[in-house]
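No lab work stands behind these numbers, since they all come straight from the coordinates. Since the model is a prediction, treat every value here as computed from it, not as a measurement. Cβ placement follows ideal geometry from the backbone for every residue including glycine, while neighbour counts extend to all protein chains displayed.
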Amino acid sequence: MKKKNGGAELPRKSNSETKSGQKSKRAKARGPVQRDSKEVMAELVAKLTERLGSKPVPANATEVKPQGALAPNRDRLTVGVDLGDQWSNYCILGLEGETLAEGQLRTTQQDVTEFFQALSTARVIIEVGTHSAWVREVVVGCGHEVLVANPRLMDGTRRRKRKNDRVDANNLARVGRIDPQSLFPIEHRSTEVRQDLVVLRARDALVAVRTQLIKVREWLSRIDKDSKDARNKRIFDMWLSCHTDADIAGAVDLSEEGVRKITQQMAELPEVGKPPASHLSDFEIPLYNVWKQQEKTAGAGHFGNSEVRWVDNLLYLYTRPFDIVVDPFGGGGSTIDVCKKRYRRYWVGDRKPVPERAHQIREHDLTAGLPGLPRWQDVKLVYLDPPYWKQAEGQYSEDPTDLANMSLEEFNKALAGIFNGFAKKLSPGAVIAL
Ligand SMILES: C[S@@+](CC[C@H](N)C(=O)[O-])C[C@H]1O[C@@H](n2cnc3c(N)ncnc32)[C@H](O)[C@@H]1O
């Protein structure tokens with residue numbers, strides 16, 4: 001958009017399109033625009049250079065002395081800068097006092113330098129404060145005249161109304177352009193500048209360290225959460241496979257009490273909070289009481305392995321999530337797969353666990369007695385799938401305590417003993433499936 005006085009095309013969204021009289025108010029209401037200072041300056045400088053017939057000040061220019069005893073500034077740009085801790089607002093006035101641009105730049109040495117290096121020679125007005133000493137030094141180094149206003153001495157209309165009010169960039173520029181004396185400009189001492197720069201750099205370093213610390217803290221808490229999740233998963237898996245609290249505590253380096261609390265919470269999960277894979281989602285309810293042996297999925301290589309749906313049917317009919325299921329003739333371990341899927345706790349053993357599942361199937365010979373289980377009262381199903389006597393002779397081992405290798409008399413006696421042994425241990429309502 002062209003300005004009526006032939007001024008610079010203004011940055012989009014910039015407040016500078018308003019007439020100078022309304023400028024300050026409207027700029028405040030909309031809030032300043034943060035744009036890349038290089039981009040803004042490139043646009044502006046191109047226009048101004050054309051208009052003023054002057055060139056941007058070279059980077060190594062030396063200080064330009066104020067013209068006379070602070071005369072009005074009508075033949076150069078005037079820039080008011082309201083310095084903030086992180087961002088500063090600027091307002092650039094043209095030769096006739098019209099607002100050419102307003103916006104924000106970061107209050108860093110680099111951004112301030114880049115901004116003022118790109119600008120045609122100007123009078124720059126800032127307010128005395130934390131950053132004024134170093135900003136003055138930087139801007140003077142870019143070849144501009146800098147006035148550091150002392151608002152405490154400025155008269156009522158130009159001064160802030162309350163102690164915390166800032167004199168805005170537009171106001172600074174206007175007063176500095178026409179009536180610079182009323183700013184009561186001060187001179188900074190070079191030690192002040194150095195101190196301010198030290199403070200500035202220290203602040204930047206602190207901010208950087210703080211950001212790093214926050215990142216490290218976030219990272220640590222993520223690791224902490226991940227390792228807690230991994231630990232809880234381990235506890236859950238061990239608890240599901242009926243390990244004792246003491247076993248679990250040893251494995252995850254936690255007190256037995258701590259483990260008990262966690263496993264209790266798992267067991268007491270309300271029905272709605274229980275994990276999925278319920279029989280409602282992917283299961284055909286057994287309508288008949290004759291179940292065919294149709295499909296052998298898990299442990300297909302194990303002689304006599306049972307149809308997984310038998311176990312699934314039994315779980316559906318006789319157990320609920322987190323009840324304990326005992327399978328002491330574990331074979332290929334199909335019971336483990338179904339129990340894990342349905343969130344039943346399981347104790348699965350065999351006198352000769354298959355090597356590939358030796359970490360899951362407990363080695364236990366039933367002719368030596370029943371296994372020791374931590375919580376018999378939670379056992380709701382014992383699934384007995386023994387060898388089919390002579391039909392399986394020599395299939396699992398040549399050992400005499402292998403039920404497949406016994407005489408019929410021994411086989412019946414052993415099986416009856418196992419059956420009765422479990423019956424005595426179980427609580428009312430629990431089921432033995434043979
Ligand atoms: C029919 S298979 C079990 C198959 C299993 N249900 C499956 O789906 O893979 C019988 C198992 O009983 C085991 N067995 C035989 N004698 C045993 C005993 N005295 N104590 C424990 N297990 C025994 C065998 O090693 C064999 O793995």
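Some observations on this one:
- Distant-in-sequence amide H partners of LEU100 (H built 1.01 Å from N, under 5 Å): ILE92, LEU93, GLY94
- Sequence-distant residues sharing a close amide H with ILE432 (under 5 Å, placed H): VAL382
- Applying a DSSP loop filter and a limit of 15 other Cβ atoms within 10 Å to the chymotrypsin sites (Phe, Trp or Tyr not before Pro) in the range 360-434 leaves TYR388.
- The label-point distance for LEU206 and LEU287, in a model that sets each label 7 Å from Cα toward Cβ, rounds to 7.8 nm.
- Prolate/oblate/rounded label for the range 349-413 (Cα gyration tensor, a/c 1.5): oblate
- Förster radius 25 Å - calculated FRET efficiency between SER427 and TYR388, Cβ distance, rounded to 0.05: 0.25
- Look at the Cα gyration tensor of the range 274-433: its axes a ≥ b ≥ c give a/c of at least 1.5 with a/b over b/c, and that counts as prolate.
- For VAL124, residues with placed amide H under 5 Å, excluding near neighbours: VAL79, GLU145, VAL146, LEU147
- Modelled FRET efficiency - R0 60 Å, GLU96 with ARG217, Cβ distances, 0.05 increments: 0.65
- Loop sites in the range 181-258: GluC sites (Glu not before Pro), DSSP, at most 12 other Cβ within 10 Å: GLU187
- Relative contact order computed over the range 274-433 (Cα-Cα under 8 Å; 6+ residues apart), in percent: 20
- Modelled spin labels at GLU410 and LEU317, positioned 7 Å past Cα toward Cβ, are 3.3 nm from each other.
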